[in-house]
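Some notes on the structure that comes next.
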Amino acid sequence: MSTEGLRPSRVVVLGAGLAGLAAADRLAESGVEVRVLEREDHPGGLATTIREGAFHFDLGPHRYYTSRPELLRFVRNLLPGSLLEKERLSRIRLLGRYFRYPPALGDILRRMPPHRSAAMILSYLGERIRSVVTPPGEADFESWVVRRFGRRLYEIYFGPYTKKLWGLPPAELSADWAGQRITVPGLAGIIRATLFPGRSKSRTLVGTFHYPRGGIGRIAGALAERIENRGGRIQYRSELRRITRRVEKGGFLFSANGGQLEADAVVNSLPVTDYVQLLGDLVPEPVHRAASGLRFRALVLTALRLSKRLEARDHWIYVPEASFRFNRLSIPGNFDPDASEHGSQVVFETTCREGDEVWAGRRDLAEEAVEGGVRLGLFERGHVLESLTARAAHAYPIYGCGYAARTATVLDALDALEDSVTCGRQGLFRYNNMDHSLEMGRCAAEELLGMGRVRDRFAWTSDTWADG
Ligand SMILES: Cc1cc2nc3c(=O)[nH]c(=O)nc-3n(C[C@H](O)[C@H](O)[C@H](O)COP(=O)(O)OP(=O)(O)OC[C@H]3O[C@@H](n4cnc5c(N)ncnc54)[C@H](O)[C@@H]3O)c2cc1C
């Protein structure tokens, strides 16, 4: 929260992901001296592209989609002539078959064994009748989904996928996650959308998206360049250690591994849990307790380089079945024709807990990916040239039951901290997209400039979200 009417002359921005960069860009644009501290040796955070020789792939499949024309213009202006427009193609692998995603009734009926389709529809109808007799609670993910899709579809798809993605029983996840991320209409909605395509009232199911030639990391790269052109500085390999108050003048002192730095104000885009720890006794004990109950899901990516071009045209494929350890795979060459100079790549995503056996590399994920890819019919073992691994410790904020109250405790306390604004996916503990992080960063800068509050601008309704 900024001090009313006082414009800071020097601001430190924590994190050079899209939120931090957008904040720094906006501050530098209005003449504020800005310094960004970033732990890694490159900008981009989660929206990073990993390059190795003639190959590149993103830290998980990233498509740029926004419902706000000004945010599309923002990225277009950063990368003139570089944005490809793509027709989304994604599928789900279920029961040994591929189904279109978002689901379409005709496709389900054509591919699903008839007894399964009948069971699905009966279970859905049973659920509707039950919910008239005893209206169910909807606080957790499982009841939210069962109510809209029936128990059978939950058991085949939503339940196993969710368990794999989050490592938690779905009944322990808040229904907020479902409400924000499942934009597929319930079973009745899928039937309605199939029979009366023009009349569907469902939220945005993203049909087309944009993607920068050269990888998603180019957005961050271009922003970083513009910040430096505007006089800002980005200090890479700077890991924050501690934040204290500057005596008398207000503002903060930042201790990072590269030394000390001071500023009148701070924009945070680091995980809010880490930010609270860095602030130490600048925030009260109950806030530390609430923050320590917030958790992130980590992600390990395994990229396989192949000697042949793949036939599959999908951008990504969801793989809920428990017999595959990974939960999704993506094909970078279908986003960007230049992603692999020769052959192709497939990137497998395995979510985990930071420090567990997957994270620590005690499981042979490359072998699991090869074996899985072969079983899915994507390639043969002999096509695999090499594998590469990448990790993200804070890939997903976990919306466990009780997360909303904890997040509110933490964010309310941070709101009360003068000269500090927190933003971004990590800084607000929000499962949001790139366009949201860009906008949050700009709003955070404007909050320091006395032009509104981030949390007011981001009191979102479910319509704000796009599907995953
Ligand atoms: C697998 C996956 C797929 C996704 N797909 C899409 C998609 O298709 N479309 C879409 O719009 N969005 C997608 N997203 C979401 C998108 O990546 C994020 O919303 C966005 O990139 C978050 O930006 P941010 O700046 O808020 O956070 P981050 O990108 O997490 O930035 C935080 C920065 O802080 C730095 N940092 C952390 N700790 C420290 C420290 N102690 N000291 C210094 N620096 C530190 C980090 O290195 C990082 O650079 C996806 C996310 C994932 C994980």
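Coordinate-derived values only; no laboratory data. Remember, it's a predicted structure, so these values are computed and weren't measured experimentally. Because the Cβ atoms are built from the backbone with ideal geometry, glycine has one as well, and the counts that use them run over all protein chains shown.
Net charge near Arg93, counting Lys/Arg +1 and Asp/Glu -1 over other residues with Cβ under 12 Å of its Cβ?
Once positives and negatives cancel, what remains is +4.
So for Met440, Met120, fewest C-beta neighbours within 10 Å to most, what's the order?
Met120, Met440
Counting Lys and Arg as +1 and Asp and Glu as -1, what is the net charge of the other residues whose Cβ lies under 13 Å from the Cβ of Ser117?
+4
Could you run the Karplus curve 6.51 cos²θ - 1.76 cosθ + 1.60 with θ = phi - 60° over the range 318-326 and give me ³J(HN,Hα) per residue in whole Hz, x for Gly and Pro?
Values per residue, Gly and Pro as x: 7, 10, x, 4, 5, 6, 10, 6, 6 Hz.
Relative contact order, percent, of the chain when contacts are C-alpha pairs under 8 Å separated by at least 6 residues?
26 percent
Using θ = phi - 60° and the Karplus form 6.51 cos²θ - 1.76 cosθ + 1.60, what ³J(HN,Hα) does each residue of the range 439-451 get, whole Hz, x for Gly and Pro?
Karplus values, whole Hz, x for Gly and Pro: 5, 4, x, 5, 5, 4, 4, 5, 4, 5, 8, x, 10.
Where does the charge balance sit around Gly250 when Lys and Arg score +1, Asp and Glu -1, over other residues with C-beta under 11 Å from its C-beta?
It works out to a net charge of -2.
Let me spell out the model: positive unit charges on the Cβ of Lys and Arg, negative unit charges on the Cβ of Asp and Glu, origin at the Cα centre of the chain. What dipole size does that give, in debye rounded to 20?
Charge dipole, the chain, about its Cα centre: 1560 debye, nearest 20.
Once fully extended, how much extra length lies between Val132 and Arg116, figured as 0.36 nm per residue of separation less the alpha-carbon to alpha-carbon distance?
Result: 3.3 nm gained on full extension.
Please give the contour-minus-distance gain from Tyr431 to Ala404: 0.36 nm per residue of separation, less the Cα-Cα distance, rounded to one decimal in nm.
Fully extending the segment from Tyr431 to Ala404 adds 8.5 nm.
With a cap of 13 neighbouring Cβ atoms within 10 Å, and only residues DSSP puts in a loop, list the GluC sites (Glu not before Pro) found in the range 1-72.
Hits after loop and neighbour filter: Glu4.
Working out 0.36 nm times the residue gap between Ala139 and Phe458, then minus their Cα-Cα distance, what length gain in nm do you get to one decimal?
112.6 nm
Note the angle between two axes, namely the Cα long axis of helix 18-29 and the longest principal axis of the Cα atoms of the chain, as a number of degrees from 0 to 90, rounded to the nearest 10.
40 degrees
What distance in nm separates the simple spin-label points at Thr389 and Ala54, each placed 7 Å from Cα in the Cβ direction?
About 2.7 nm, to one decimal.
Antiparallel versus total DSSP beta bridges in the chain: what percent is that, nearest 5?
Beta bridges within the chain, antiparallel portion: roughly 75 percent.
For the range 1-148, what does the relative contact order come out to in percent, with C-alpha contacts under 8 Å and a separation of six or more?
11 percent
From the Cα trace of the range 312-352, what convex hull volume per residue do you get, rounded to a whole Å³?
79 Å³
Identify the GluC sites (Glu not before Pro) of the range 279-349 meeting these criteria: DSSP loop state and at most 12 other C-beta atoms within 10 Å of the C-beta.
Passing sites in the range 279-349 are Glu311, Glu341.
Going by how many other Cβ atoms sit within 10 Å of their own, how do Arg425, Arg100, Arg305 line up, fewest first?
Arg100, Arg305, Arg425
Grab every C-alpha pair in the chain, bin the distances at 20 angstrom width from 0 up to the longest one, and report whole percents.
Bins of 20 Å from zero give 23, 55, 21, 1 percent of pairs.
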